Every structure is written in structure tokens, then in C-alpha cells.
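Data block below; observations after.
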Amino acid sequence: MSESTKPAPEPIILAENLYKSYRRGSQEVAVLEGITLAIEEGSFVALMGPSGSGKTTLLNLIAGIDRPDAGHLIVAGTDITRLGELDLARWRARHVGFVFQFYNLLPVLSGLENVELPLLLHNLNRRERREHAMVALELVGLKDRMHHFPRELSGGQQQRVAIARAIVTDPTIIVADEPTGDLDKVSAGDVLTLLEQLNQDFGKTIIMVTHDPKAAEKARKIHHLDKGVLNSN
Amino acid sequence: MELLKLILRNTMRQHLRATLTILGMAVAILAFCLLRTVVDAWYAGVSAASPNRLVTRSAVSLLFPLPISYRQKIQQVPGVQQVAYANWFAGVYIDERHFFPRMAVGPEHFFDLFPEFLIPDDQLKAFQKQRNACVAGRKLVQKYGWKLGETIHLTGNIYPGDWQLVLRGIYRGATKTTDETQFFLRWDYLDEVLKKDAPHRSGYAGWYVIQIHNPFESAAISRTIDALFKNSWAETLTETEKAFQMGFVAMTDAIVIAVRVVSLVVIGVILLVLANTMTMTARERMNEYAVLKTLGFGNGFLFCLIAGEAVAIALLGGAMGMVLAFPAAHLFAQEMSTLLPVFHLQWQTLLLATALCFAIGLLAALLPTWRATRIRIASALGHTG
């Protein structure tokens, strides 16, 4: 089969008419207004837009940590809008890796233990968990600092541990909310290179929210949101 | 295992707050153990009562004595094995503050009826031989440094006079809960003196202690004894030794209730303190709970994490309190040996204190767990504590 006749890859994320609003006092504030979106497997997508445009809300819906008011959202073949709390939590553990702006590592656990944490929900013994976590830390270049606690690591190193935690379960998608928002230029560059590498070398689907145009340049596709409406680029 | 590690590391995360709460818990459990032991000590006489002993006293009041002639009649009642008798002697040793129970007892069978008082045979014989002899408990002898053969001076109040008694025996308790602070002189010596100084008061016993063959016959035997003296000028009331002792405790029921209430208040206060600590802790960690939920951990895991920490703090403090309770109880027992002669920390008290620590930990975790499980992940991830 030639390149031109090759069928388009199946979307791993399919959002149809997503609506989401929040109540602020007595007022209902619409955040997402009928978002329809398809993201293919193995793509690296950036969600951009001004503050309050709804990009983080959209990311939260895709990651299954918030629910839409209306619409359908099929991620990795599952309509996650139909899942109950417990099933949704299990689904997240299996399919989603999270990278947050402020790393969100548990301060009482070492880097290695933080990376091992999501594996507690998988059917692995202690030795297997340790092996998986060490591979993930090696991948982000922090194997030599695996016994350090978050307070003993720089911001960039903490974010790399967070990325190792996100990939250790081999999730279907990785969602990153402003992953470079709290980092200096050099560290931000390292983190973006790492995400790019995960996408290109390991075929990971990455959806990243960012304000930073330079960070967005690393993505293969950029979606702009403005006042809850999507303008694809 | 990983959960346990996370719980233990979280427990000492806020060093000062955790240490203060643990110390508070230790003080509360120490107070609880001591107060429970006070109540146990209060009931020591009841606990030590034998099921095959009955006590016969005046139906009107313990203040009214019974004729000594009743002894022979009681002895004839079927089912009765032995009968002993005693008088409350009271008196003063040194001054009023040096209180210990002093009783005049019939020397022949009294110690046969109380096998929990262990007295060497030669000393018992010496007591039975000498009219002004006396026997004292081991703790009492230790406290006052008495020696066998030493003369002990008592100033009589119920029975006036200067009483010079020679210590001929020292008994020790068969168990840890036996009162070793009692003092016995001979009833016949008391009666002999009364015959001379106050003849109208001689020939009376304060109460009779009756040993029966079968404890299941105690009610029938009691009725038979009381029927013997029905319509006489000195009617009797016979009851089990336990009921007799309970009668004394009932007189001070209000104190026991107050002690029990105080021990519960102490537990209530520490429960609120721990609940407050855990609520503050959980509020500061909402972001972490949101992260755990994001990763897929359920509400059960959060409950284990928060309740585990609360129980760990409660148990650490509780264990410290229980360990401290031993020397504290020892000191207390020394200071209060005459008022509360049987003051021992019992294993039931320690078991109850441990169970309370668990319960306090779990209850203190309820509100913070409820809050943690209700958080919206999306909004809590922005929570900075």
C-alpha cells in the first residue's frame, strides 16, 4: 500500500459537542461551548489560548478528571462520560499519564518511590514495580538521583521525575498541563525535548496545554481555544 | 507495605504538631488508665469477695452489734461450714492521717475463712496464743517498719483507752489484688477489756462471716439465718460477701460515677484534639489527595491513608501513656496505700486503652476523610493548602 492510499489513523480521542460550565456564585459561566475534536494516536497536540479560554478544562475532560455537562468523549475506545467514579478512576490508572505545572510529587517519597506510586494500582510485585520505575527514571535521565526526595531536586529534575511517573504505566495518552510553566528556559527546553522524544521515539500521544508559543512549536498540531470555542491550526 | 510506609512518613511530617498531639494523647491515656485503676481499686473489696462467704449483720444498721451468742445458732444452720466474727475497732495510730482498717477478730477461725490472707503457721499460733497479739498486712508492716514482737500503740476512739498490741503475725496476699494493709487484733482481748471498763458493751460482734459449702445455696441459707432471729430485739440481715461489699461502694457511688465521667471527658477532649490535628493536616494535603485520585487511587485508599495516620498518632501516644502509667500507678499506690490498698494496673484497662486509641484514631479521621473523598480533582489540583 502506497503512502497516498494509506488510511488515516483512527482517532484515539474523539470529542463531540462538549459543553462545560461552572457556577460562580449565582452565575453560570460557560467554559466550553460545543467542542468537537479528534486527536489521532501518536500525535503531539498543543492546546493554546488566553487565560479562561477553557484549555485546561478541555484537558481535564480528556483526562477523565472532570465531566462534561453535555456531549460525548471517547478516549482509547471508551466513552468516558458513561463511566462511574470507580470505573473512571480505574480507566485513568490504565490509560492516562499526568504531567502537572507544579510537578505534584509526594514530598515524603523519593523520586523512585514517586515513580513507583501509580504501579501500586497494577498487578505487579515489588521487584517488578522497582524495575519499571528505574527504567522510566533512566529514560528521563535521573537514575542517578532516584533516591533523592523532591525537595533535594531542582524544578526541572522534579518535572522529569513527574514525566517518569506519567510514563511508567505505559499509558495510552499523556496529558501535560503547562509542563514548562514553572521552569527556567534551560529546564523548560529539556522537558520539551523529553516530551518530543516520547512522542517521536515511543509513539506516545501527548496533549499539552501551554501559553508558551515556543513550547507549542514542539507539537505537531496546535488547537487554539477562545472563549470556549475551538479554532484548529 | 507501601501504604504503611506512606502513613508512617506522613505521621511525622509536621514534627512539632505530631509530637504535641502524641504527647497530648499520652497524657490523656495516662489519665484514663489511672482513673480506671482508681475505680478498679474502689471495687477491689467486691472483686475479692468469695462466693462461698456470707456476711450477717444487724438488720437495722452495721452500727448496731449482734450478740456473740448468735454464732452458735448460725453454726447449726445446715450448709454452714464455719463462722467467724469481727468488730470494727477503728482507733488512731500516730494521728488521724495514718488510716488503715483495724478490726478485732475471733482468733480461732478467722484466717481459715480468708485463705487469701497467707500467714505462716507459727505466726498464726503465736497470734492465737497471746491475748494482746495482732496481725498486720505485709504492706502495712513495710510502711511503718514494724518488726515481729514489736509493740504497736493504738489510741482507742470507739473503744477508748491506750491499746498496746504485740505484732505476732504478718500476712501476705495470695494474689496481687489482695488487700495487704489490714490490721487484726483479737476480739476476746477487746471483749475482756470491755468487760472491765464498759460491761454493757461486751459480748457483741459487729458482723459474722459465714463460710458455706455450696455457693448456690447462699440465698436459702441467708433466709434461714435471718429467720432464726426474726422478731428478736436484734434482727439480722444476711447477704453474700459481694453484696455486703457492694453496700459500702454504693455509699460512694457518686465519687465513682464522677471518676468515670472525668475519664470519658478526658477521652472526648483528646478525640477533639486529634480530630482537629487531622482536619488541619488533611486540609494542607488536599492537593496531594487530588493527585492520588488523579492517578486512580480510590476513596478507600484515602481513608486508609488518613485513618492510618490518625491511628498511628493515637497508638504512639497511647503506648507512651500506657508505659508511663506503670510508674505513675506505682507512685500512686505508694501514696494512697491506705485509702486504696489494691491499686494495680490491670490488663483489661490496657486492653481497653488500646481499643480506645484505635477508636479515637478512626473517629478523628472521619471528617477529614469525608472532605478528602468529596474534593473535585480539577479544583483541588489548584489548591495550595
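In table form, for the structure just shown:
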item	result
Gaussian network model of chain B, Cα within-10 Å springs - most flexible of B:I29, B:I257, B:I270	B:I257
DSSP bridge pairs, chain B: antiparallel proportion in percent, nearest 5	80
Nearest 10 degrees, 0 to 90: helix A:126-139 Cα axis against chain A principal axis	70
Average other protein chain Cβ within 10 Å of Cβ, residues B:293-303	6
Helix-only [θ]222 nm of chain A, DSSP H runs n ≥ 4, -39500 (n - 2.57) each, per residue, nearest 500	-9500 deg cm²/dmol
Phi-based couplings in Hz for segment A:15-26 (Karplus 6.51, -1.76, 1.60; Gly and Pro marked x)	10, 10, 6, 7, 10, 8, 9, 10, 9, 10, x, 8
For chain B, size of Cβ-based charge dipole, Lys and Arg +1, Asp and Glu -1, in debye	1020
Within 10 Å of each Cβ in B:339-351, the average number of Cβ atoms from other chains	0
Other protein chain Cβ atoms within 10 Å, averaged over every residue that makes up A:98-111	4
Segment A:63-160: proportion of alpha-carbon pairs further apart than 25 angstrom, %	31
Interatomic Cα distance distribution for segment B:1-142, bins of 5 angstrom, percent	2, 6, 10, 13, 14, 13, 8, 5, 5, 4, 5, 5, 5, 4, 2, 0
Shape category assigned to segment A:32-71 from the gyration tensor of Cα positions, a/c cut at 1.5	oblate
Vicinal HN-Hα couplings computed from phi for segment B:363-368 (Karplus, 6.51 cos²θ - 1.76 cosθ + 1.60; Hz; Gly/Pro x)	5, 5, 8, 4, 5, x
Estimated FRET transfer efficiency when R0 is 35 angstrom, pair B:I94-B:E217 (beta carbons, to 0.05)	0.20
Projected area, mean over directions - segment A:88-233, Cα convex hull, nm²	9.2
Cα long-axis angle, helix B:241-251 against chain B (0 to 90 degrees, to the nearest 10)	70
Beta bridges per DSSP with both ends in the protein assembly as shown, % antiparallel, nearest 5	70
With Cα atoms, 0 to 90° folded angle of helix B:299-335 axis to chain B main axis	30
B:Y70, B:Y289, A:Y19, B:Y189 arranged by Cβ crowding within 10 Å, fewest neighbours leading	A:Y19, B:Y189, B:Y70, B:Y289
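Computed from the coordinates by the stated procedures, all read-outs in this text should not be read as laboratory data. Every value quoted in this text rests on a predicted model; they were computed, and no experiment measured them. Glycine gets a Cβ as well: all are built from the backbone with ideal geometry, and neighbour counts include every protein chain shown.
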